[in-house]
1. Amide H of residue 209: which non-local residues (sequence gap of 5 or more, or other chain) have their own amide H closer than 5 Å, using H built in the peptide plane?
2. State the percentage of accessible surface on the range 133-346 attributable to carbon and sulfur atoms; use a 1.4 Å probe and exclude ligands, DNA and RNA.
3. Run through all the Cα pairs of the range 133-346 and give the fraction in each 10 Å bin from 0, expressed as whole percent.
4. Quick one: check the C-alpha center-to-center distance for the range 269-303 versus the range 80-153, whole angstrom.
5. Helix-only estimate, please: 222 nm mean residue ellipticity of the chain, summing -39500 (n - 2.57) across DSSP H runs of length 4 or more and dividing by its residues, to the nearest 500.
6. Residue by residue through the range 82-88, what is 3J(HN,Hα) from phi via Karplus (6.51 cos²θ - 1.76 cosθ + 1.60, θ = phi - 60°)? Round to whole Hz and write x for glycine and proline.
7. In whole Hz, with x marking every Gly and Pro, tabulate ³J(HN,Hα) for the range 141-152 from phi via Karplus 6.51 cos²θ - 1.76 cosθ + 1.60, θ = phi - 60°.
8. Under Stokes-Einstein, with the Kirkwood radius over Cα pairs standing in for Rh, what whole-number D in µm²/s applies to the range 79-169 at 20 °C and 1.002 mPa s?
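The values are calculated or read from the model by the stated rules, or taken from the named source; none is laboratory data. Predicted model, so just to flag it, every value in this text is computed and none were measured. We place every Cβ from the backbone using ideal geometry, glycine too, and count neighbours over all the protein chains shown. Calculation scope for accessible area: heavy atoms of the full protein, side chains included, ligands and nucleic acids excluded. Shrake-Rupley method; radii C 1.70, N 1.55, O 1.52, S 1.80 Å.
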Amino acid sequence: MKVKGKHYRTVWMEGTSVFMIDQTLLPFEFEIFEAKTCKESCLAIKTMITRGAGAIGAAAGFAMAQAFMEAPANGFEKYVLDAKKEIESTRPTARNLFFAVDRVFRAGQRSVEKALQEARVLADENIEEARMIGEFGNELIEDGFMIETHCNAGWLGFVDWGSALAPVYYAKNKGKSVFVYVDETRPRSQGARLTAWELKNENIEHVIIPDNAGAFYMSQGKVDMMITGADRIAANGDVANKIGTLEKAIVAKEYGVPFYVAAPLSTFDRECMTGDDIEIEQRDEKEVLYQSGPDEKEILRNILVCNPGSAALNPAFDVTPAKYITGIITEEGIIKPDKEAINKFFY
Ligand code: MRU
(Lines give C-alpha, C1' and ligand atoms only; values in the text may rest on other atoms or scores of the structure.)
Protein backbone atom coordinates (compact mmCIF):
# COMPACT_ATOMS: atom_id res chain seq x y z
CA MET A 1 0.00 0.00 0.00
CA LYS A 2 1.12 3.53 -0.63
CA VAL A 3 1.85 6.32 1.83
CA LYS A 4 2.27 9.73 0.21
CA GLY A 5 2.75 8.05 -3.15
CA LYS A 6 5.47 5.62 -1.99
CA HIS A 7 4.86 1.89 -1.71
CA TYR A 8 5.55 0.38 1.70
CA ARG A 9 5.38 -3.02 3.27
CA THR A 10 4.53 -2.92 6.98
CA VAL A 11 7.63 -4.94 7.82
CA TRP A 12 10.62 -5.95 5.70
CA MET A 13 14.27 -6.92 5.95
CA GLU A 14 17.39 -5.38 4.43
CA GLY A 15 20.84 -6.75 5.23
CA THR A 16 20.71 -7.86 8.85
CA SER A 17 18.11 -5.28 9.95
CA VAL A 18 14.35 -5.59 10.18
CA PHE A 19 12.45 -2.44 9.24
CA MET A 20 8.94 -1.70 10.47
CA ILE A 21 6.44 1.11 10.15
CA ASP A 22 6.39 2.39 13.75
CA GLN A 23 2.74 1.88 14.70
CA THR A 24 3.15 3.40 18.16
CA LEU A 25 3.60 6.82 16.52
CA LEU A 26 0.74 6.62 14.03
CA PRO A 27 -1.39 8.46 13.10
CA PHE A 28 0.58 11.47 14.29
CA GLU A 29 3.99 10.61 12.89
CA PHE A 30 5.05 8.28 10.08
CA GLU A 31 8.44 6.79 10.88
CA ILE A 32 10.32 3.62 10.06
CA PHE A 33 11.88 1.72 12.96
CA GLU A 34 15.07 -0.26 12.38
CA ALA A 35 15.69 -3.33 14.54
CA LYS A 36 19.36 -4.22 14.10
CA THR A 37 19.36 -7.41 16.17
CA CYS A 38 17.02 -10.23 17.08
CA LYS A 39 16.69 -8.73 20.58
CA GLU A 40 15.64 -5.36 19.13
CA SER A 41 13.07 -7.09 16.93
CA CYS A 42 11.68 -8.90 19.99
CA LEU A 43 11.35 -5.62 21.83
CA ALA A 44 9.62 -4.04 18.81
CA ILE A 45 7.07 -6.87 18.73
CA LYS A 46 6.50 -6.74 22.50
CA THR A 47 6.06 -2.97 22.60
CA MET A 48 3.84 -3.10 19.52
CA ILE A 49 5.99 -1.00 17.23
CA THR A 50 4.74 -3.66 14.87
CA ARG A 51 1.51 -5.44 15.72
CA GLY A 52 -1.40 -7.38 14.24
CA ALA A 53 -1.23 -11.13 13.70
CA GLY A 54 0.19 -11.10 10.16
CA ALA A 55 2.79 -8.38 10.76
CA ILE A 56 3.82 -10.03 14.03
CA GLY A 57 4.28 -13.30 12.14
CA ALA A 58 6.48 -11.72 9.45
CA ALA A 59 8.53 -9.77 12.01
CA ALA A 60 8.98 -12.90 14.14
CA GLY A 61 10.17 -14.85 11.08
CA PHE A 62 12.72 -12.12 10.32
CA ALA A 63 13.79 -12.01 13.99
CA MET A 64 14.43 -15.76 13.89
CA ALA A 65 16.51 -15.28 10.72
CA GLN A 66 18.45 -12.49 12.47
CA ALA A 67 19.25 -14.91 15.31
CA PHE A 68 20.72 -17.40 12.84
CA MET A 69 22.78 -14.63 11.22
CA GLU A 70 24.17 -13.31 14.51
CA ALA A 71 24.71 -16.62 16.34
CA PRO A 72 28.39 -17.24 17.28
CA ALA A 73 30.05 -20.38 15.86
CA ASN A 74 30.77 -21.44 19.41
CA GLY A 75 27.37 -22.09 21.03
CA PHE A 76 25.38 -21.66 17.81
CA GLU A 77 22.64 -24.18 18.74
CA LYS A 78 22.02 -22.69 22.17
CA TYR A 79 21.95 -19.14 20.80
CA VAL A 80 19.26 -19.86 18.21
CA LEU A 81 17.21 -21.97 20.62
CA ASP A 82 17.27 -19.22 23.28
CA ALA A 83 16.34 -16.68 20.61
CA LYS A 84 13.42 -18.84 19.49
CA LYS A 85 12.11 -18.92 23.07
CA GLU A 86 12.57 -15.19 23.44
CA ILE A 87 10.65 -14.43 20.23
CA GLU A 88 7.86 -16.81 21.27
CA SER A 89 7.48 -15.05 24.62
CA THR A 90 6.79 -11.63 23.06
CA ARG A 91 3.10 -12.02 22.06
CA PRO A 92 1.67 -15.40 23.14
CA THR A 93 -1.76 -15.25 21.50
CA ALA A 94 -0.80 -14.56 17.88
CA ARG A 95 -0.61 -17.96 16.19
CA ASN A 96 1.25 -16.56 13.16
CA LEU A 97 4.23 -15.73 15.34
CA PHE A 98 4.71 -19.39 16.30
CA PHE A 99 3.96 -20.55 12.75
CA ALA A 100 6.66 -18.27 11.31
CA VAL A 101 9.29 -18.91 13.99
CA ASP A 102 8.84 -22.64 13.58
CA ARG A 103 9.25 -22.54 9.80
CA VAL A 104 12.33 -20.32 9.88
CA PHE A 105 13.86 -22.35 12.71
CA ARG A 106 13.45 -25.56 10.71
CA ALA A 107 14.91 -23.96 7.57
CA GLY A 108 17.83 -22.71 9.69
CA GLN A 109 18.74 -26.29 10.53
CA ARG A 110 19.92 -26.57 6.91
CA SER A 111 21.77 -23.23 6.67
CA VAL A 112 21.67 -19.60 7.72
CA GLU A 113 20.86 -18.63 4.12
CA LYS A 114 17.87 -20.99 4.13
CA ALA A 115 16.57 -19.34 7.33
CA LEU A 116 16.72 -15.91 5.72
CA GLN A 117 15.19 -17.20 2.52
CA GLU A 118 12.31 -18.82 4.45
CA ALA A 119 11.60 -15.60 6.36
CA ARG A 120 11.38 -13.74 3.05
CA VAL A 121 9.10 -16.40 1.54
CA LEU A 122 6.83 -16.15 4.59
CA ALA A 123 6.50 -12.38 4.16
CA ASP A 124 5.68 -12.80 0.46
CA GLU A 125 3.11 -15.52 1.24
CA ASN A 126 1.57 -13.25 3.84
CA ILE A 127 0.86 -10.66 1.12
CA GLU A 128 -0.54 -13.16 -1.35
CA GLU A 129 -2.80 -14.78 1.27
CA ALA A 130 -4.14 -11.40 2.32
CA ARG A 131 -4.82 -10.50 -1.32
CA MET A 132 -6.76 -13.75 -1.79
CA ILE A 133 -8.74 -13.04 1.40
CA GLY A 134 -9.63 -9.75 -0.23
CA GLU A 135 -10.76 -11.51 -3.38
CA PHE A 136 -12.98 -14.02 -1.56
CA GLY A 137 -14.28 -11.47 0.94
CA ASN A 138 -15.19 -9.05 -1.84
CA GLU A 139 -17.82 -11.54 -3.04
CA LEU A 140 -19.75 -10.97 0.20
CA ILE A 141 -19.80 -7.21 -0.17
CA GLU A 142 -22.62 -5.50 -2.07
CA ASP A 143 -22.38 -2.02 -3.51
CA GLY A 144 -23.25 0.50 -0.80
CA PHE A 145 -22.54 -1.84 2.13
CA MET A 146 -21.96 -0.40 5.61
CA ILE A 147 -19.34 -2.58 7.31
CA GLU A 148 -18.23 -2.51 10.94
CA THR A 149 -14.74 -3.61 11.95
CA HIS A 150 -12.89 -3.93 15.25
CA CYS A 151 -9.24 -3.17 16.01
CA ASN A 152 -6.88 -2.96 13.04
CA ALA A 153 -6.81 -5.90 10.68
CA GLY A 154 -5.73 -3.83 7.73
CA TRP A 155 -2.42 -3.66 5.91
CA LEU A 156 -0.67 -2.41 9.07
CA GLY A 157 -1.61 -5.71 10.71
CA PHE A 158 -0.15 -7.72 7.81
CA VAL A 159 2.75 -7.21 5.45
CA ASP A 160 0.28 -5.69 2.98
CA TRP A 161 -3.49 -5.70 2.24
CA GLY A 162 -4.63 -6.96 5.67
CA SER A 163 -7.26 -9.51 6.62
CA ALA A 164 -10.55 -7.85 7.64
CA LEU A 165 -9.86 -4.78 5.50
CA ALA A 166 -8.58 -6.64 2.44
CA PRO A 167 -12.16 -7.34 1.21
CA VAL A 168 -12.98 -3.66 1.72
CA TYR A 169 -9.95 -2.59 -0.35
CA TYR A 170 -10.78 -5.18 -2.99
CA ALA A 171 -14.41 -4.03 -3.18
CA LYS A 172 -13.29 -0.41 -3.53
CA ASN A 173 -10.87 -1.39 -6.33
CA LYS A 174 -13.79 -3.10 -8.07
CA GLY A 175 -15.70 0.18 -8.02
CA LYS A 176 -18.12 -0.62 -5.18
CA SER A 177 -19.04 2.01 -2.67
CA VAL A 178 -18.27 0.91 0.90
CA PHE A 179 -18.59 2.66 4.22
CA VAL A 180 -16.78 1.49 7.35
CA TYR A 181 -17.75 1.91 11.02
CA VAL A 182 -14.43 1.81 12.88
CA ASP A 183 -14.64 0.66 16.51
CA GLU A 184 -12.18 2.82 18.46
CA THR A 185 -10.84 -0.34 20.20
CA ARG A 186 -9.69 0.76 23.62
CA PRO A 187 -7.33 0.60 25.34
CA ARG A 188 -4.71 1.03 22.58
CA SER A 189 -7.21 2.45 20.11
CA GLN A 190 -5.98 0.52 17.08
CA GLY A 191 -9.29 1.33 15.37
CA ALA A 192 -9.35 5.07 16.07
CA ARG A 193 -5.65 5.49 15.37
CA LEU A 194 -4.59 2.88 12.82
CA THR A 195 -7.68 1.69 10.93
CA ALA A 196 -8.97 5.24 10.56
CA TRP A 197 -5.54 6.35 9.29
CA GLU A 198 -5.40 3.49 6.79
CA LEU A 199 -8.93 4.11 5.49
CA LYS A 200 -8.33 7.84 5.14
CA ASN A 201 -5.11 7.05 3.29
CA GLU A 202 -7.09 4.77 0.94
CA ASN A 203 -9.92 7.32 0.50
CA ILE A 204 -12.52 5.00 1.97
CA GLU A 205 -15.49 6.61 3.67
CA HIS A 206 -15.52 5.78 7.36
CA VAL A 207 -16.42 7.01 10.79
CA ILE A 208 -14.91 6.17 14.20
CA ILE A 209 -17.46 4.96 16.75
CA PRO A 210 -16.98 4.48 20.50
CA ASP A 211 -16.52 0.86 21.51
CA ASN A 212 -19.90 0.85 23.20
CA ALA A 213 -21.83 2.20 20.17
CA GLY A 214 -21.86 -0.95 18.02
CA ALA A 215 -25.15 -2.27 19.44
CA PHE A 216 -26.79 1.11 18.85
CA TYR A 217 -25.95 1.15 15.12
CA MET A 218 -26.68 -2.54 14.61
CA SER A 219 -30.07 -2.19 16.34
CA GLN A 220 -30.91 0.61 13.91
CA GLY A 221 -30.18 -1.63 10.92
CA LYS A 222 -27.24 0.55 9.89
CA VAL A 223 -24.64 -2.23 9.73
CA ASP A 224 -24.80 -4.69 6.80
CA MET A 225 -21.98 -6.91 7.98
CA MET A 226 -19.14 -7.05 10.43
CA ILE A 227 -15.63 -8.27 9.56
CA THR A 228 -12.81 -8.71 12.06
CA GLY A 229 -9.42 -10.38 11.94
CA ALA A 230 -8.20 -13.21 14.18
CA ASP A 231 -5.12 -13.93 16.25
CA ARG A 232 -5.72 -17.64 16.72
CA ILE A 233 -8.49 -19.95 15.58
CA ALA A 234 -9.15 -23.20 17.45
CA ALA A 235 -9.95 -26.53 15.78
CA ASN A 236 -13.67 -26.06 16.43
CA GLY A 237 -13.79 -22.56 14.91
CA ASP A 238 -13.64 -20.51 18.13
CA VAL A 239 -11.73 -17.30 17.40
CA ALA A 240 -9.37 -15.27 19.58
CA ASN A 241 -9.23 -11.64 18.49
CA LYS A 242 -8.83 -8.19 20.01
CA ILE A 243 -10.67 -7.67 23.28
CA GLY A 244 -14.24 -6.53 22.56
CA THR A 245 -14.73 -8.77 19.53
CA LEU A 246 -16.87 -11.19 21.57
CA GLU A 247 -19.34 -8.46 22.55
CA LYS A 248 -19.70 -7.38 18.91
CA ALA A 249 -20.32 -10.95 17.77
CA ILE A 250 -23.05 -11.50 20.37
CA VAL A 251 -24.74 -8.24 19.42
CA ALA A 252 -24.42 -9.03 15.70
CA LYS A 253 -26.22 -12.35 16.20
CA GLU A 254 -28.99 -10.64 18.17
CA TYR A 255 -29.61 -8.18 15.32
CA GLY A 256 -29.06 -10.59 12.43
CA VAL A 257 -25.88 -8.90 11.19
CA PRO A 258 -23.55 -11.40 9.42
CA PHE A 259 -20.35 -11.67 11.43
CA TYR A 260 -17.28 -12.70 9.39
CA VAL A 261 -13.73 -13.35 10.54
CA ALA A 262 -10.91 -12.95 8.00
CA ALA A 263 -7.64 -14.83 8.52
CA PRO A 264 -5.16 -16.98 6.60
CA LEU A 265 -4.98 -20.72 7.27
CA SER A 266 -1.72 -20.09 9.19
CA THR A 267 -3.84 -18.53 11.97
CA PHE A 268 -5.61 -21.85 12.65
CA ASP A 269 -4.21 -23.82 15.57
CA ARG A 270 -5.66 -27.29 15.35
CA GLU A 271 -3.86 -28.31 18.52
CA CYS A 272 -6.18 -25.97 20.42
CA MET A 273 -9.35 -28.02 20.51
CA THR A 274 -11.52 -25.08 21.60
CA GLY A 275 -11.05 -21.43 22.46
CA ASP A 276 -10.54 -22.42 26.11
CA ASP A 277 -7.09 -23.72 25.14
CA ILE A 278 -5.97 -20.35 23.74
CA GLU A 279 -3.60 -18.36 25.93
CA ILE A 280 -4.80 -14.79 26.36
CA GLU A 281 -2.07 -12.17 26.62
CA GLN A 282 -2.40 -9.87 29.63
CA ARG A 283 -0.85 -6.45 29.08
CA ASP A 284 0.28 -3.60 31.30
CA GLU A 285 -2.47 -1.69 33.12
CA LYS A 286 -0.81 1.55 31.98
CA GLU A 287 -2.34 0.98 28.52
CA VAL A 288 -5.79 1.40 30.12
CA LEU A 289 -4.90 4.16 32.56
CA TYR A 290 -2.98 6.39 30.13
CA GLN A 291 -3.62 7.65 26.61
CA SER A 292 -1.14 9.31 24.30
CA GLY A 293 -1.47 12.06 21.74
CA PRO A 294 0.18 15.29 20.58
CA ASP A 295 0.04 18.41 22.76
CA GLU A 296 -0.42 21.91 21.33
CA LYS A 297 3.27 21.87 20.32
CA GLU A 298 2.71 18.55 18.52
CA ILE A 299 4.90 16.69 21.02
CA LEU A 300 3.54 13.21 21.83
CA ARG A 301 2.51 13.00 25.48
CA ASN A 302 1.17 10.26 27.71
CA ILE A 303 -1.61 11.45 29.99
CA LEU A 304 -3.51 9.78 32.82
CA VAL A 305 -7.19 9.46 31.88
CA CYS A 306 -8.43 7.41 34.87
CA ASN A 307 -8.81 7.91 38.58
CA PRO A 308 -5.33 8.27 40.10
CA GLY A 309 -4.46 5.23 42.19
CA SER A 310 -7.10 2.90 40.74
CA ALA A 311 -5.86 -0.34 39.22
CA ALA A 312 -6.88 -1.67 35.78
CA LEU A 313 -7.13 -5.06 34.07
CA ASN A 314 -5.93 -5.35 30.50
CA PRO A 315 -6.67 -8.62 28.71
CA ALA A 316 -5.54 -8.07 25.10
CA PHE A 317 -7.88 -10.60 23.47
CA ASP A 318 -11.12 -12.48 23.98
CA VAL A 319 -12.52 -15.63 22.42
CA THR A 320 -15.64 -15.60 20.26
CA PRO A 321 -17.36 -18.99 20.22
CA ALA A 322 -17.88 -20.41 16.74
CA LYS A 323 -21.68 -20.24 17.10
CA TYR A 324 -21.56 -16.46 16.69
CA ILE A 325 -19.46 -16.55 13.50
CA THR A 326 -21.09 -16.66 10.07
CA GLY A 327 -17.93 -17.68 8.21
CA ILE A 328 -14.16 -17.45 8.17
CA ILE A 329 -12.71 -15.81 5.05
CA THR A 330 -9.39 -17.46 4.17
CA GLU A 331 -7.06 -17.45 1.16
CA GLU A 332 -8.62 -20.77 0.08
CA GLY A 333 -12.25 -19.70 0.41
CA ILE A 334 -14.89 -19.12 3.06
CA ILE A 335 -15.04 -21.76 5.80
CA LYS A 336 -17.99 -22.62 8.03
CA PRO A 337 -16.67 -22.35 11.59
CA ASP A 338 -16.94 -25.97 12.67
CA LYS A 339 -14.43 -28.77 13.09
CA GLU A 340 -15.53 -30.85 10.11
CA ALA A 341 -15.53 -27.94 7.66
CA ILE A 342 -12.17 -26.69 8.96
CA ASN A 343 -10.60 -30.16 8.70
CA LYS A 344 -11.48 -30.33 5.00
CA PHE A 345 -9.28 -27.30 4.35
CA PHE A 346 -6.24 -28.98 5.84
CA TYR A 347 -6.34 -32.25 3.88
O1 MRU B 1 -2.83 -6.36 19.96
P2 MRU B 1 -2.83 -6.25 18.46
O3 MRU B 1 -2.97 -4.85 17.97
O4 MRU B 1 -1.66 -6.98 17.84
O5 MRU B 1 -4.13 -7.03 18.05
C6 MRU B 1 -4.51 -7.10 16.73
C7 MRU B 1 -5.79 -7.79 16.51
O8 MRU B 1 -6.44 -8.26 17.41
C9 MRU B 1 -6.18 -7.98 15.11
O10 MRU B 1 -7.55 -7.95 14.98
C11 MRU B 1 -5.64 -9.33 14.68
O12 MRU B 1 -4.28 -9.42 14.83
C13 MRU B 1 -6.12 -9.71 13.36
S14 MRU B 1 -5.18 -9.48 11.92
C15 MRU B 1 -4.20 -8.17 11.93
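1. Under 5 Å from the amide H of residue 209: 182, 183, 184.
2. Carbon and sulfur together cover 49 percent of it.
3. 9, 34, 36, 17, 4, 0
4. 20
5. -10500 deg cm²/dmol
6. With coefficients 6.51, -1.76 and 1.60, one gets 4, 5, 4, 5, 5, 4, 5 Hz.
7. 9, 9, 4, x, 5, 10, 10, 9, 9, 10, 6, 10
8. For the chosen part, D equals 144 µm²/s.
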